[in-house]
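> What follows is a single structure, and I will ask about it in a moment.
The values are calculated or read from the model by the stated rules, or taken from the named source; none is laboratory data. Everything numeric here is computed off the predicted structure, so don't read it as measured data. As a convention, Cβ positions derive from the backbone with ideal geometry for all residues, glycine included, and neighbour counts pool all protein chains shown.
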Amino acid sequence: MSSDQRPQDLNIAQTGKWLYGDTVFLPVDIIALDYDFWYEIGKADDQLEPDETPQQMGSDGYLYYVRFRRAGHLEAPTWVDSGGYVCIQDAMTYAESRVPTCIHWSGTASRG
C-alpha cells in the first residue's frame, strides 16, 4: 500500500525548533513510520529497480524521518525531508546537520 493511501494520522516522535536568521524560530519534527516512505513513493510511481526492496525497519518496527517543510502537520499523506533512519537519534543528528543553529528538541525521545 502506498503512503498516500494509508488512512492513519502521523506519529510525531520528536519536535524541535531552530533559529533562522537570528529572527524567527522554525519547526522541525521527526516522524515514525512503519513503512519505507521512499520505497512506497517509487512503487507508486513505478520507478523501483527490479530487485529493490524496502529498507528494514528498526528494532521498534519504525523508520524515522526528518520533516522541516511539513513539521507539525498531523495528517497523512505527508512529505519527508530525509531518508529513513532505524533509530530516532540518527534522525535527530541528521536534522541537526542540516541547519546552521542548534535545534532545541522538546519531544519525548532520549538522546542517550
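> Which residues, taken from region 83-107, are part of a loop (DSSP other than H, G, I, E, B) and at pLDDT 95 or above?
Selection gives 83, 84, 86, 87, 98, 99, 100, 101, 102.
> Within the group 80, 28, which residue is in a loop (DSSP other than H, G, I, E, B) and either on the phi > 0 side of the Ramachandran plot or crowded, with 20+ Cβ neighbours inside 10 Å (or both)?
Details: 28 fails: in a loop (DSSP other than H, G, I, E, B).
The match here is 80.
> What number goes with the only condition from (1) among the aliphatic types (A, V, I, L, M); (2) surrounded by fewer than 16 Cβ atoms within 10 Å (Cβ to Cβ); (3) not in a strand (DSSP E or B) that residue 19 does not pass?
(3)
> Taking the condition part of a loop (DSSP other than H, G, I, E, B) and at pLDDT below 95, does residue 52 pass?
On the way: part of a loop (DSSP other than H, G, I, E, B): yes; at pLDDT below 95: no.
Judged against the criteria, residue 52 is not a match.
> Considering region 43-77 alone, what residues qualify as being touching a residue at least 60 places away in the same chain (Cβ under 8 Å), surrounded by 14 or more Cβ atoms within 10 Å (Cβ to Cβ) and of a type in the set (A, V, I, L, M, F, W, C)?
76 - this is the single residue of region 43-77 that is touching a residue at least 60 places away in the same chain (Cβ under 8 Å), surrounded by 14 or more Cβ atoms within 10 Å (Cβ to Cβ) and of a type in the set (A, V, I, L, M, F, W, C).
> Can you tell me which residue in region 1-25 is modelled with the highest pLDDT, limited to those that are over 17 Å from residue 84 (Cβ atoms) and among the small types (Gly, Ala, Ser)?
My answer is 16.
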